[in-house]
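Notes follow once the structure below has been shown.
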Amino acid sequence: MKRKLNGFFQKLYSSFGRQYWWPADSPFEVMVGAILTQNTSWANAEKAILSLKKKKLLAPEKIFKMPLKKLALLIKSAGYYNIKARRLKNFLQFYFDNYNFNLEKISQVDLLSLRRQLLTVNGIGQETADSILLYALNKPVFVVDSYTKRILSRHRVVKEGADYLEVQDIFMRNLKNKVRIFNEYHALLVKLGKDYCLKKNPKCGECPLDGQ
């Protein structure tokens, strides 16, 4: 399995190059983006982030104090905006209550403890929690999304319908436990899933992993 996963990585990296993901100006922007991108495209989430930036409101203290309805309207482009506004508020309440919006303080908590804490926040699931941990806080955890599951099932690495932790465990056990590797590998899988391993009409003949 180690050879197979490393082979996938080399093929993808040689085809696509470095992805420079997650695109953000600050760790907090990543945290917000991880929630806004739930059940929507990154393009839609990015529009919502830009809406907050234009009004100079992309700061934990400002969003925390903002009326819920105002926040919902500002992030409307992300879809499910009333739900996501509430989820942002839930996360910020957690961030304030436990860490007083202190990035250094939250970053010092060990991976497993912080992951358990994040999963207690209403609206924060495993993918969102791990995205915050990996991309905002530089914790070595592999993020699993629908692209990852689709690609691995089509290449018979996992069965279709494999659960989150099962897929994550394959990467965590067979790759070097490094943030840089987990970051780049996940980003490359997202690129492959968006451009080639499509849900309908996949471009198998053009895929960099064709024949793997």
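Couple of notes before you dig in:
- Hits in the range 192-212 - residues which are surrounded by fewer than 19 Cβ atoms within 10 Å (Cβ to Cβ) and within 15 Å of the chain's Cα centre (by Cα): 194
- Looking only at the range 22-39, and only at residues there that are surrounded by fewer than 16 Cβ atoms within 10 Å (Cβ to Cβ) and either under 19 Å from residue 191 (Cα atoms) or small (Gly, Ala, Ser) (or both), the one that is farthest from the chain's Cα centre (by Cα): 26
- Here residue 12 clears all of (1) surrounded by fewer than 18 Cβ atoms within 10 Å (Cβ to Cβ); (2) assigned by TED's automatic domain parsing to the domain that holds residue 158; (3) among the hydrophobic types (A, V, I, L, M, F, W, C) except the condition numbered (1).
- Per-region count, the range 67-88, residues within 19 Å of residue 122 (Cα to Cα) and either among the aliphatic types (A, V, I, L, M) or touching a Ser or Thr at 6+ places or on another chain (Cβ under 6 Å) (or both): 9
- Selection count where residues are farther than 20 Å from residue 139 by Cβ, among the hydroxyl-bearing types (Ser, Thr, Tyr) and without any contact (Cβ under 8 Å) to a residue 40 or more places away in the chain, scope the range 73-108: 2
- Per-region count, the range 147-184, residues under 15 Å from the mean Cα position of the chain (by Cα) and of a type in the set (Lys, Arg): 2
- Residue match in the range 131-148 (condition: within 19 Å of residue 13 (Cα to Cα), out of contact with any Ser or Thr (no Cβ under 6 Å at 6 or more places or on another chain) and among the polar types (S, T, N, Q)): yes
- Test: residue in the range 72-81 that is in a helix (DSSP H, G or I), among the basic types (Lys, Arg), closer than 20 Å to residue 132 by Cα and at pLDDT 95 or above: no
- Selected residue [more than 23 Å from residue 21 (Cα to Cα) and either modelled with pLDDT of 95 or more or among the basic types (Lys, Arg) (or both)] from 176, 200, 149, 194: 200
- Meets criteria (within 16 Å of residue 16 (Cα to Cα), touching a helix residue (DSSP H, G or I) at 6+ places or on another chain (Cβ under 9 Å) and not assigned by TED's automatic domain parsing to the domain that holds residue 113) for residue 183: yes
- Flag for residue 156 being of a type outside the set (Ser, Thr, Tyr), assigned by TED's automatic domain parsing to the domain that holds residue 88 and without any contact (Cβ under 8 Å) to a residue 12 or more places away in the chain: no
- Residue check, residue 3 within 30 Å of residue 210 (Cβ to Cβ), among the charged types (D, E, K, R) and free of Cβ contacts under 8 Å to residues at least 40 places away in the same chain: yes
The values are calculated or read from the model by the stated rules, or taken from the named source; none is laboratory data. Remember, predicted model here, so these are calculated numbers, not experimental data. So basically every Cβ, Gly included, is an ideal-geometry build from the backbone, and we count neighbours across all protein chains shown.
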